[in-house]
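Chemist: Would you mind keeping the following structure in view while I ask a few things?
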Amino acid sequence: MHPNPAFRGATEAFNLDFAREQGFGMLAVASDSAPLISHLPFLLNAAGDVAEFHLVRSNPIARLGGAPARLAVQGPHTYISPDWYRAEDQVPTWNYVAVHLVGKIEPRPEAELRDLLDRQSEAYEARLLPKTPWTADKMTDGLMERMMRQIVPFRMHVSEVHGTWKLGQNKPEAARLSAADHVDAYGMGQETALMAALMRGAQ
């Protein structure tokens, strides 16, 4: 995470709300060689201290059992050209939003898997209204159970929350707003329109 305090002003509750809304992240766990990384959807509880997800049984992380881990949640990001600040002696940079959840992961009993999958699909399908939500009841008898044998439920006990909202807060307001306009017009990255809006609202 970026060390500049200007980018670390979001409250823990704000960062947790962002992670909960995104619902997708990159789980990183240390290993004897390179870190192990898995991209996965997750559910974060209301208190923000438990994240639930599942892993394919053959995933090396699943084989570790419990382990310290970091769940990185990526938000909008974009390249910033120094010309866009309309100020001298600027350098290229990249604005971004990211929240990291840190804690220990643990495998859960397989008896909890179906409930986890049902809650995950219910949460995601609810965002597609007025679409009629998909449920596992639509599956052919026995197929869901066979597919579930390939995955295992996991839980992370969140002990730390870190957020970086790098929106140009360290620049004069006129420079930041000028850059936001150019991000809107030429943005390179992901969700650049959202990034421009965040930059305009930054304090």
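Chemist: Using Cα pairs under 8 angstrom and six or more residues apart, how large is the relative contact order of the stretch 5-201, in percent? Can you show the working numbers first?
Modeler: On the way: 349 pairs, mean separation 54.7, N = 197.
After rounding, I find 28 percent.
Chemist: Relative to the present Cα-Cα distance, how much length would full extension add between A46 and E160 at 0.36 nm per residue of separation? All intermediate terms of the calculation are to be shown ahead of the outcome.
Modeler: Numbers: separation 114, 0.36 × 114 = 41.04 nm, distance 1.54 nm.
Extending this stretch completely gives an extra 39.5 nm.
Chemist: Here is a further query. What nm value, rounded to one decimal, do you get for the distance between A87 and Q190 when each label is placed 7 Å out toward the C-beta?
Modeler: Computed distance between label sites A87 and Q190 equals 2.8 nm.
Chemist: Ranking V183, V56, V161, V73 by Cβ neighbours within 10 Å, fewest first, what do you get?
Modeler: Numbers: V183 28, V56 12, V161 20, V73 23.
Exposure proxy ranking, most exposed first: V56, V161, V73, V183.
Chemist: Counting only GluC sites (Glu not before Pro) that sit in a DSSP loop (anything but H, G, I, E, B) with at most 16 other Cβ atoms within 10 Å, what is the longest stretch of the chain containing none of them? List each step's numbers first, then the result.
Modeler: Working: sites that count: E88, E191.
Answer - 89-190.
Chemist: Also: Quick one: angle between helix 12-22 and the longest Cα principal axis of the chain, in degrees between 0 and 90, rounded to 10, please.
Modeler: Approximately 70 degrees, to the nearest ten.
Chemist: A further question on this structure: Net charge within 11 Å of L116 by Cβ-Cβ distance, Lys/Arg positive one each and Asp/Glu negative one each, not counting L116 itself? Working shown, then result.
Modeler: Numbers: positive: R108, R114, R119, R155; negative: E52, E110, E112, D115, D118, E122.
Residues near L116 contribute -2 overall.
Chemist: Turning to a different aspect of this structure: For the pair L129 and H2, what calculated FRET efficiency results from E = 1/(1 + (r/R0)^6), where r is the Cβ-Cβ distance and R0 = 35 Å, to the nearest 0.05?
Modeler: Once the sixth-power term is evaluated, E becomes 0.45.
Chemist: Within the stretch 94-203, list the trypsin sites (Lys or Arg not before Pro) lying in a DSSP loop whose Cβ has at most 13 other Cβ atoms in a 10 Å radius.
Modeler: Working: sites: K104, R114, R119, R127, K131, K138, R146, R149, R155, K166, R176, R200; in loops: K131, R149.
Hits after loop and neighbour filter: K131, R149.
Chemist: Summing Lys, Arg as +1 and Asp, Glu as -1, what charge do residues with Cβ under 12 Å from the Cβ of E160 carry, E160 excluded? Don't skip to the end; give the middle numbers.
Modeler: Numbers: positive: R70, K104; negative: E12, D49.
Combined, the nearby Lys, Arg, Asp and Glu give 0.
Chemist: Cut-off 10 angstrom, C-alpha nodes, Gaussian network model of the chain. Which of L27, L64, L113 fluctuates the most?
Modeler: Looking only at L27, L64, L113, the largest GNM fluctuation is found for L64.
Chemist: Next question. Please order I80, I61 by the number of other Cβ within 10 Å, starting at the fewest.
Modeler: Details: I80 26, I61 20.
Lowest count first: I61, I80.
Chemist: For the stretch 128-199, what is the Kirkwood estimate of the hydrodynamic radius, computed as the reciprocal of the mean inverse distance between distinct Cα atoms, to one decimal in Å?
Modeler: Its Kirkwood hydrodynamic radius stands at 17.3 Å.
Chemist: Quick check: the angle from helix 192-201's long axis to the longest principal axis of the chain, C-alpha only, nearest 10 degrees?
Modeler: For 192-201 against the chain, the angle is about 60 degrees.
Chemist: What is the distance in Å between the Cα centroid of the stretch 117-162 and that of the stretch 63-114?
Modeler: The stretch 117-162 and the stretch 63-114 have Cα centres separated by 23 Å.
Chemist: In the calculated pair distance distribution of the stretch 54-115, what percentage of Cα-Cα distances lie above 18 Å?
Modeler: Values: 1147 of 1891 pairs.
Summing the P(r) of the stretch 54-115 above 18 Å gives 61 percent of all pairs.
Chemist: Please list, in order, the residues from the stretch 37-60 whose amide nitrogen is less than 14 Å from a point placed 7 Å along the Cα→Cβ vector of L113.
Modeler: Answer for this model: 53-59.
Values quoted throughout were computed directly from the atomic coordinates according to the rules given, and no laboratory measurement underlies them. Predicted model only: the values in this text are computed from it and were never measured. Neighbour counts run over all protein chains shown; Cβ positions are idealised from the backbone, glycine included.
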